[in-house]
1. List the residue pairs whose Cβ atoms are under 6 Å apart, where the first residue sits in the stretch 97-120 and is within 15 Å of Glu290 (Cβ to Cβ) and in contact (Cβ under 8 Å) with a residue 60 or more places away in the chain, the second is buried (at least 21 other Cβ atoms within 10 Å of the Cβ) and small (Gly, Ala, Ser), and the two are 6 or more positions apart or on different chains.
2. Residues being at pLDDT 85 or above and either touching a Lys or Arg at 6+ places or on another chain (Cβ under 8 Å) or assigned to a loop (DSSP other than H, G, I, E, B) (or both): count how many of those fall in the stretch 281-300.
3. Search the stretch 254-266 for residues that are more than 30 Å from Ala142 (Cβ to Cβ) and touching a residue at least 40 places away in the same chain (Cβ under 8 Å) and pair each with any residue that is β-branched (Val, Ile, Thr) and not in a helix (DSSP H, G or I) when their beta-carbon atoms are under 6 Å apart and the residues are at least 6 apart or on different chains.
4. Look at Val56 and say whether it is assigned to a loop (DSSP other than H, G, I, E, B) and either modelled with pLDDT under 85 or touching a Gly at 6+ places or on another chain (Cβ under 8 Å) (or both).
5. When you go through (1) closer than 24 Å to Ser222 by Cα; (2) not in a loop (DSSP other than H, G, I, E, B) one by one for Pro132, which number turns out not to apply?
6. Can Gly146 be described as within 15 Å of the chain's Cα centre (by Cα) and under 23 Å from Thr259 (Cα atoms)?
7. Suppose the filter is under 26 Å from Glu290 (Cβ atoms), at pLDDT 95 or above and exposed (fewer than 15 other Cβ atoms within 10 Å of the Cβ); does Leu148 pass it?
8. Kindly indicate whether Leu189 is modelled with pLDDT under 95, of a type outside the set (Val, Ile, Thr), surrounded by 14 or more Cβ atoms within 10 Å (Cβ to Cβ) and in contact with a Pro (Cβ under 8 Å, 6 or more places away or on another chain).
Amino acid sequence: MERHRQMTIFAAVAQSSGLAAASRLLNVSEATVSRALWALEQRLGTQLLERSTRGVRLTETGRHFAEECVRLLRATDEADASANGLHVEPRGLLTLATPVLFGDRMMMPVVLEYLDAWPGIQMSIAYQNAFPDLHEDGVDVAVLIGELPDAHMVARRVGRVRQLICASPAYLLAHGEPREPVALTDHRLIVCSADSWTQPWRFEPEGGVRHLISKPVLRCTSQVAAIDAALQGAGLVSCLSHEVHEYLEEGRLRAVLQTFEVAPLPVHLIYREGLRASARVRSFIDFAVERLRTHSALSA
């Protein structure tokens, strides 16, 4: 019992980043929190918190132990519910990290539908094109576009996306359609300087992948702006198929140089803890995978 209590208090301190906040969260005195932490560190024989006049901060050991505490306490709650014949309903905060346009075009409809299905869940979405460190950044689920960098990652594949070169019909009517990558040197190019997929532009003619260093007429710091410029006839833009899926279907953009496309990129949902994942993580993964796998934008 005492171990469970110590872990509960430590998890609350780690969550709230302070003894006073943890005491309010648990409705116990700050002295009780302090004694429990001291006893826990003595029992484990290691320092979990660094204390200063500005508060407390987790040590590296403390950070890993906090993650284990949360997992074990969650598993205990679920085991109690199962023993009592209760359905373990997903509850709590779920954190999702996703590339900006994938989140906007693909994930947000799934998230909203999931929140309607499970009213006990709250979600936080981090829009970032750089893949996060799930443990360091406290992310439950992350979208990865591309090959898995680590074979030991716990992942579910949901589909593939193509790497396209697109332009508006009006631009192609005025400037002609390029028939091979070298012809792009005579065209107006739009790039997103914040998007690594667009610099340089990659093609796969016979003999292997080739790179074309683009000399843009317009450089944007967001892919949304680059695609919007292409929609208005400003030039050709490099993009991923899910980013322009609706515009291609509506005929507002056209893909060119399709015979020179590089291999499609896989899309995965990455999550922590594998089979030990919480009910909310497992339920969201199952929910999202089912819907994303049937989306035409991911069937490249």
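1. Val110/Ala288
2. Counting residues in the stretch 281-300 that are at pLDDT 85 or above and either touching a Lys or Arg at 6+ places or on another chain (Cβ under 8 Å) or assigned to a loop (DSSP other than H, G, I, E, B) (or both) gives 8.
3. From the stretch 254-266, the pairs are Val256/Ile165; Leu257/Ile165.
4. On the way: assigned to a loop (DSSP other than H, G, I, E, B): no; either modelled with pLDDT under 85 or touching a Gly at 6+ places or on another chain (Cβ under 8 Å) (or both): yes.
Answer is no for this residue.
5. (2)
6. On the way: within 15 Å of the chain's Cα centre (by Cα): yes; under 23 Å from Thr259 (Cα atoms): yes.
Against the criterion (within 15 Å of the chain's Cα centre (by Cα) and under 23 Å from Thr259 (Cα atoms)), Gly146 qualifies.
7. So Leu148 does not fit the description; no.
8. yes
The values are calculated or read from the model by the stated rules, or taken from the named source; none is laboratory data. Nothing here was measured: the structure is a model prediction, and the numbers come from that model. No Cβ is skipped: glycine too gets one built from the backbone with ideal geometry, and neighbour counts run over all protein chains shown. Calculation scope for accessible area: heavy atoms of the full protein, side chains included, ligands and nucleic acids excluded. Shrake-Rupley method; radii C 1.70, N 1.55, O 1.52, S 1.80 Å.
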